[in-house]
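*Asks:* Please find one structure pasted underneath; my questions will follow.
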Amino acid sequence: MLLFLTSFGLLAQSITISGKVTTQGEPLPFVNVYLKDTTKGAVTNNDGHYSISNITAGDYTLIVSFTGFKAVHKNVTVSDKPLYLDFDLSATESLDEVVVTGTLKPVSRLESPVPVEVYSPAFLKKNPTPNIFEALQNVNGVRPQLNCNVCNTGDIHINGLEGPYTLVLIDGMPIVSGLSTVYGLSGIPNSLIEQVEVVKGPASSLYGSEAVGGLINIITKLPDYTPKLSADGFITGWGEANLDLGYKAHVGKKTTLLLGANYYNYSNPIDNNNDNFTDVTLQDRISIFQKWDFKRNHNRKLSLAGRYFYEDRWGGEMQWNKNYRGGNTVYGESIYTSRFEFIGNYQLPIKPHVNFQFSYSNHDQNSVYGDMPFLAKQRIGFGQLVWDKTLKNHDLLFGIAARYNYYNDNTTATKKADEITIPSIFVQDEIALSKKQKLLLGARYDYDKRHGAIFTPRMAYRYKPTKDDIFRVNAGTGFRVVNLFTEEHAALTGARDVVIEETLKPEKSYNININYLKKLYTKNGKLFTVDASVWYTHFTNAILPDYDTNPNQIIYDNLNGYATSKGASLNIDAVFASGIKALLGITYQDVSQTENQVTTDQILTEKFSGTWALSYKHYKTNLTLDYTGNLYGPMRLPTLGALDPRSDTSPIWSIQNIQVTFDGLSNFELYAGVKNLLNWTPNKGEPFIIARSHDPFDEDVDYNPDGSVMATPQNPYALTFDPSYVYAPNQGRRLFFGMRFKLD
């Protein structure tokens with residue numbers, strides 16, 4: 001009996017796991033420490049200590065997790081003795097990412113002399129979207145801008161500058177340009193993205209034309225670091241359906257394949273603003289991606305990737321169908337887009353570190369805007385050799401590049417196909433002045449036979465007085481050769497006449513950006529990152545669409561004066577001991593043009609904006625709550641003359657979203673939420689959004705002898721059909737439900 005009681009007492013005794021959790025040697029309170037697949041767990045106190053008691057003997061997985069830090073998984077065996085285990089967590093979102101966009105070299109974000117903002121897939125998942133275009137709406141200083149109320153095409157603004165000033169790269173290759181600037185952004189699925197890097201300010205010395213306002217580098221996943229099988233699908237209350245699929249396979253011993261596919265469909269015409277036009281463009285889209293990674297001797301790089309994208313989209317009068325395509329009975333805008341891309345990176349088998357990077361894209365567009373067809377083809381080939389050489393305190397980069405562009409369409413502005421090859425040479429020297437200071441000097445020379453030699457220098461300086469403080473100054477020049485009809489969608493839609501008053505000269509810009517970054521750790525477990533910038537950009541030969549001189553025309557010419565963009569932005573990334581993570585951003589900007597000593601604000605450009613992403617994870621229930629949103633200040637809108645009853649300035653408006661995610665199932669995540677919580681749409685308070693939506697072919701419009709529109713009883717406001725009065729999406733509140741699956 002004594003032996004039995006003794007044995008029972010040993011089995012029933014309280015076995016304890018305890019210890020301390022720190023970060024960089026400092027105690028970290030409010031950390032979740034728990035045994036996987038059990039209800040046993042604890043939270044660290046103010047001194048970082050934890051204790052889990054009443055554990056029965058066995059094998060467990062101990063998880064130590066805290067928002068903003070890398071989670072630790074440790075296998076433990078519990079017997080008859082207490083365990084004492086200490087952990088030191090490292091931050092995952094404190095600027096330790098490796099970036100390549102600012103200097104064309106992999107470098108720690110902290111060490112880069114060029115300020116680069118990095119956004120991970122976790123950020124994109126806070127507000128699920130079917131493409132990268134919509135996903136960027138919660139990035140401070142970056143705004144997806146819709147350009148047409150009918151077909152809902154758009155571009156991306158950085159610091160208030162129009163979409164054509166933003167260069168979008170895929171794996172560092174400038175293939176999203178020209179026609180795809182408007183139509184190709186929606187075809188990049190989020191499931192393929194490893195991270196998104198954003199540089200604000202000119203980068204023409206490294207990337208050439210179009211990188212005047214900034215650039216966005218979409219870096220796709222590496223096959224070695226992706227799950228074997230993944231899927232992510234969601235539906236919304238408006239009838240949208242999106243599905244992402246990913247698959248990884250090993251082909252032999254030295255080759256890894258990543259295959260991805262995205263399908264998006266929206267085929268439910270809705271007209272909530274009662275103008276007989278679809279509020280949202282109907283779309284049927286598929287994108288297929290394939291990436292090959294080859295292991296070579298001496299860890300030399302070789303990767304190949306390709307993507308095919310097809311989309312059928314239309315918007316217009318509710319009774320429109322494909323039988324009316326191109327006719328003048330029922331108005332519709334229908335766009336068929338077929339596009340394929342090829343990207344490669346090959347490190348030469350020689351001792352010097354030389355990479356050959358290349359890309360090719362073919363874009364075929366068949367579209368009609370009412371009864372006006374627009375048929376266009378564009379082919380872009382790009383190749384560059386980059387030599388990376390380190391010499392004492394100099395980190396040198398030399399490159400030669402060539403870009404081939406073929407473009408043709410059926411408009412009268414394109415009398416024959418535009419075909420040109422632009423050779424380039426660039427050099428960069430990153431000088432380590434001391435342990436705390438770096439200076440980057442760079443220059444690029446391009447030769448365009450239409451405009452001659454173009455020289456674009458740059459300079460960047462980084463001073464790091466402490467490990468948690470960084471001060472950066474960037475300055476440089478930029479240039480942009482305008483391809484009007486591939487960039488300005490407003491030139492194709494509506495009834496305004498397009499007027500090009502002169503041979504357009506390349507735009508030039510001069511820019512300076514000052515950036516300060518500060519990291520703060522508190523003893524009670526709070527982590528803050530403060531990132532502040534001020535900038536100023538001066539443009540000469542600026543080409544901006546003039547909607548004001550004649551309400552029935554869009555006039556394009558080189559500005560007889562100058563344009564400027566100046567402003568300040570602030571990002572705060574915070575992790576609180578309560579498990580709440582917050583990313584807050586605010587931007588104030590003044591974008592204007594001065595001609596004949598008269599200064600006017602740029603059209604469709606907000607004075608200020610704010611973004612936020614708040615997250616809270618409750619570890620015991622495996623639930624995560626995400627609240628995201630943006631706020632935009634007033635912007636000048638393109639009205640059609642003095643009689644137009646629509647407001648010429650937008651109100652302050654906001655799009656807000658909420659999401660709940662459950663990840664308590666093995667290999668699965670379930671998520672649901674509400675988009676546009678406030679149900680805000682731009683038609684509120686306006687008599688109409690699309691001018692003369694009841695007469696899209698202007699059959700009842702009369703004109704004065706000078707060509708201006710006459711006010712009549714049938715047309716009291718002297719308007720023509722015009723869908724360019726757009727600054728925000730027409731899509732109201734809607735629910736969404738989704739599921740993710742991952743098999744490693």
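The values are calculated or read from the model by the stated rules, or taken from the named source; none is laboratory data. Please read all numbers here as calculations on a predicted model, not as lab measurements. Glycine gets a Cβ as well: all are built from the backbone with ideal geometry, and neighbour counts include every protein chain shown.
*Asks:* For segment 156-176: of the residues being closer than 25 Å to residue 606 by Cβ and of a type in the set (Gly, Ala, Ser), which is surrounded by the most Cβ atoms within 10 Å (Cβ to Cβ)?
*Replies:* Per the criteria, the residue is 160.
*Asks:* Out of 23, 44, which single residue is at pLDDT below 85, touching a Leu at 6+ places or on another chain (Cβ under 8 Å) and either of a type in the set (Val, Ile, Thr) or farther than 28 Å from residue 526 by Cα (or both)?
*Replies:* Exactly one residue qualifies, and that residue is 23.
*Asks:* Restricting the search to segment 317-339, which residues are closer than 26 Å to residue 694 by Cα and assigned to a strand (DSSP E or B)?
*Replies:* Correct list: 317, 332, 333, 334, 335, 336.
*Asks:* For residue 434, only one of the following conditions fails: (1) without any contact (Cβ under 8 Å) to a residue 12 or more places away in the chain; (2) assigned to a strand (DSSP E or B). What is its number?
*Replies:* Among (1) without any contact (Cβ under 8 Å) to a residue 12 or more places away in the chain; (2) assigned to a strand (DSSP E or B), residue 434 violates only (2).
*Asks:* State all residues of segment 446-462 that are out of contact with any Lys or Arg (no Cβ under 6 Å at 6 or more places or on another chain), within 22 Å of residue 201 (Cα to Cα) and surrounded by 15 or more Cβ atoms within 10 Å (Cβ to Cβ); if no residue qualifies, say none.
*Replies:* Correct list: 446, 454, 458, 459, 460, 461.
*Asks:* Hey, any hits in segment 454-467 for a residue that's in contact with a helix residue (DSSP H, G or I) (Cβ under 6 Å, 6 or more places away or on another chain), closer than 25 Å to residue 213 by Cβ, in contact (Cβ under 8 Å) with a residue 24 or more places away in the chain and assigned by TED's automatic domain parsing to the domain that holds residue 505?
*Replies:* Yes, segment 454-467 contains a residue that is in contact with a helix residue (DSSP H, G or I) (Cβ under 6 Å, 6 or more places away or on another chain), closer than 25 Å to residue 213 by Cβ, in contact (Cβ under 8 Å) with a residue 24 or more places away in the chain and assigned by TED's automatic domain parsing to the domain that holds residue 505.
*Asks:* Of all residues in segment 602-634, which are part of a loop (DSSP other than H, G, I, E, B) and either touching a strand residue (DSSP E or B) at 6+ places or on another chain (Cβ under 6 Å) or buried (at least 21 other Cβ atoms within 10 Å of the Cβ) (or both)?
*Replies:* If the condition is that a residue be part of a loop (DSSP other than H, G, I, E, B) and either touching a strand residue (DSSP E or B) at 6+ places or on another chain (Cβ under 6 Å) or buried (at least 21 other Cβ atoms within 10 Å of the Cβ) (or both), then 602, 604, 605, 606, 619, 622, 633, 634 are the ones that fit.
*Asks:* Within the set of pairs 6 or more residues apart or between chains, which connect a residue that is farther than 22 Å from residue 648 by Cβ and assigned by TED's automatic domain parsing to the domain that holds residue 273 inside segment 687-702 to a residue that is of a type in the set (A, V, I, L, M) and not in a loop (DSSP other than H, G, I, E, B) with Cβ atoms less than 8 Å apart?
*Replies:* 702/709
*Asks:* Return only the number of the condition from (1) in contact with a Pro (Cβ under 8 Å, 6 or more places away or on another chain); (2) at pLDDT 95 or above that residue 641 does not satisfy.
*Replies:* All conditions are met except number (2).
*Asks:* Another question, then. Residue under question is residue 176, and the condition is that it be at pLDDT 75 or above and of a type outside the set (D, E, K, R); does it hold?
*Replies:* no
*Asks:* When you scan segment 676-685, do you find a residue that is more than 30 Å from residue 264 (Cα to Cα) and free of Cβ contacts under 8 Å to residues at least 40 places away in the same chain, even just one?
*Replies:* Yes: segment 676-685 contains one or more residues that are more than 30 Å from residue 264 (Cα to Cα) and free of Cβ contacts under 8 Å to residues at least 40 places away in the same chain.
*Asks:* For segment 646-679, name all the residues that are under 30 Å from residue 63 (Cβ atoms) and under 25 Å from the mean Cα position of the chain (by Cα).
*Replies:* Answer for segment 646-679, where residues must be under 30 Å from residue 63 (Cβ atoms) and under 25 Å from the mean Cα position of the chain (by Cα): 657, 658, 659, 660, 661, 669, 670, 671, 672, 673.
*Asks:* Among what's in segment 254-280 and is assigned to a strand (DSSP E or B), hydroxyl-bearing (Ser, Thr, Tyr) and surrounded by fewer than 19 Cβ atoms within 10 Å (Cβ to Cβ), pick the residue that is nearest to the chain's Cα centre (by Cα).
*Replies:* Only one residue tops the list, namely 263.
*Asks:* Sticking with this structure for a sec: Please count how many residues of segment 385-411 are within 18 Å of residue 433 (Cβ to Cβ) and surrounded by fewer than 19 Cβ atoms within 10 Å (Cβ to Cβ).
*Replies:* 6
Residue-wise test of (1) in a strand (DSSP E or B); (2) at pLDDT below 85; (3) surrounded by fewer than 16 Cβ atoms within 10 Å (Cβ to Cβ).
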site: 511; (1), (2), (3): yes, no, no
site: 529; (1), (2), (3): yes, no, no
site: 534; (1), (2), (3): yes, no, yes
site: 549; (1), (2), (3): no, yes, yes
site: 583; (1), (2), (3): yes, no, no
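*Asks:* For residue 228, which of the numbered conditions (1) more than 19 Å from residue 170 (Cα to Cα); (2) basic (Lys, Arg); (3) buried (at least 16 other Cβ atoms within 10 Å of the Cβ) fails to hold?
*Replies:* (3)
*Asks:* Right, another one. Please list, ordered by first then second residue, the pairs with beta carbon atoms under 7 Å, 6 or more apart or interchain, first in segment 650-674 and under 30 Å from residue 601 (Cα atoms) and free of Cβ contacts under 8 Å to residues at least 24 places away in the same chain, second of a type in the set (Gly, Ala, Ser) and surrounded by fewer than 19 Cβ atoms within 10 Å (Cβ to Cβ).
*Replies:* 652/633
*Asks:* A follow-up question, please. Which of the following residues is at pLDDT below 95 and in contact with a Gly (Cβ under 6 Å, 6 or more places away or on another chain): 246, 252?
*Replies:* Only one candidate passes the filter, namely 246.
*Asks:* I've got another one for you. For segment 137-168, enumerate the residues that are of a type in the set (A, V, I, L, M), at pLDDT 85 or above and over 14 Å from residue 200 (Cα atoms).
*Replies:* Listed by number, the list holds a single entry, 150.
*Asks:* Give me a count of the residues in segment 622-645 that are within 30 Å of residue 582 (Cβ to Cβ) and in contact with an Asp or Glu (Cβ under 6 Å, 6 or more places away or on another chain).
*Replies:* 4
*Asks:* Further question: Cβ-Cβ distance below 7 Å, separation of 6 or more or different chains: which pairs start in segment 613-626 with a residue that is not assigned by TED's automatic domain parsing to the domain that holds residue 674 and end on one that is of a type in the set (Phe, Trp, Tyr)?
*Replies:* Correct list of pairs: empty, since none qualify.
*Asks:* Consider residue 212 carefully, then state whether it is part of a loop (DSSP other than H, G, I, E, B) and within 23 Å of residue 166 (Cβ to Cβ).
*Replies:* Judged against the criteria, residue 212 is a match.
*Asks:* The conditions are (1) crowded, with 20+ Cβ neighbours inside 10 Å; (2) more than 22 Å from the chain's Cα centre (by Cα); (3) assigned to a loop (DSSP other than H, G, I, E, B), and residue 578 fails exactly one of them. Which is it?
*Replies:* Status for residue 578: all satisfied but (1).
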